[in-house]
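Below you'll find the structure, written out as structure tokens, and then a few comments.
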């Protein structure tokens, strides 16, 4: 647990297509590890959580293979058919990064709360474990957003964990039905002000207030848009395009660990050092 303050990376991405294996760690996963500021003396510890997808073993296998390929020490926390660890607290607080994959955010929230994982995750976040993930694994940290958990039509979910007080819209470019529902919910006050993300884009939130620090992307042209309630306007919202930083495709090498990854220093710390 090495992040200097509570940190969340909420994304529409994570694993990417691999060259040798089916999947590989992508720039957004590497960015989560960088944010954790893992000491060079040991490999990063990433805890993968696939509750939203029903803990499918095929997904676990792809994640473990991708982790091994880049020298990451990976483990899984599962709840189906039963919990696989005796202590949720030990499993979660022993990680540098908790990466939550996509699926049904409604199911995810119900299962986590039934097991008390929501409280454990808050304690880990406050202690410096980086909380991250894609799609449902990004929505869950927010007050709410738009989901397809109830069927193919996008619907509002307003009972997220609330570590971040705002809302989140995901898959804006790949699923054009989501944005109108998200913006209408913000306009009506059903969701608080929030951010919409294209595929391959993420936002970094820092501090106990989960303040937005920056948006990042794994490809050129990825967009993040702030959506603010604006009564009296034609749509009821005002939008602002956020600057988006392009992440490197391949992290630079580090001797003694693995030739495709190095935990680069935190730029915020460099400025204040």
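Of note:
- Compactness index (Cα Rg / 2.2 N^0.38 Å), the stretch 16-120: 1.06
- C-alpha long axis of helix 178-188 to longest principal axis of the chain, angle in °: 60
- Scattering from the stretch 108-213 was approximated by placing one identical point on each alpha carbon and applying the Debye formula without solvent; log10 I(q)/I(0) at 0.10, 0.22 1/Å stands at -0.26, -1.24.
- Residues residue 21 and residue 239, FRET efficiency given R0 of 22 Å [Cβ-Cβ distance, rounded to 0.05]: 0.05
- For a modelled paramagnetic label at residue 126, 7 Å from Cα along Cα-to-Cβ, the residues of the stretch 1-37 in reach, with backbone nitrogen under 18 Å, are 1-8.
- Note on the stretch 185-254: Rg/Rh from Cα positions, Kirkwood definition for Rh, rounded to two decimals, is 1.09.
- Taking label positions 7 Å along the Cα-Cβ direction at both residue 246 and residue 190, the computed distance is 3.8 nm, reported to one decimal.
- Panel note: the C-alpha atoms of the chain, placed on their principal axes, show extents of 59, 45, 36 Å (largest first).
- Per residue, the chain reaches -7500 deg cm²/dmol at 222 nm when only DSSP H runs of four or more residues are counted, each adding -39500 (n - 2.57).
- Globularity index of the stretch 1-69 is 1.16 (Cα radius of gyration / 2.2 N^0.38 Å, N = number of residues).
- Degrees separating the helix 105-115 axis from the principal Cα axis of the chain, which is the longest one: 60
Any read-out appearing in this document is the output of simple, stated calculations on the displayed coordinates, not a laboratory observation. This structure is a prediction, so every number in the text was calculated from the model and none was measured. Backbone-built Cβ (ideal geometry, glycine too); neighbour counts: all protein chains shown.
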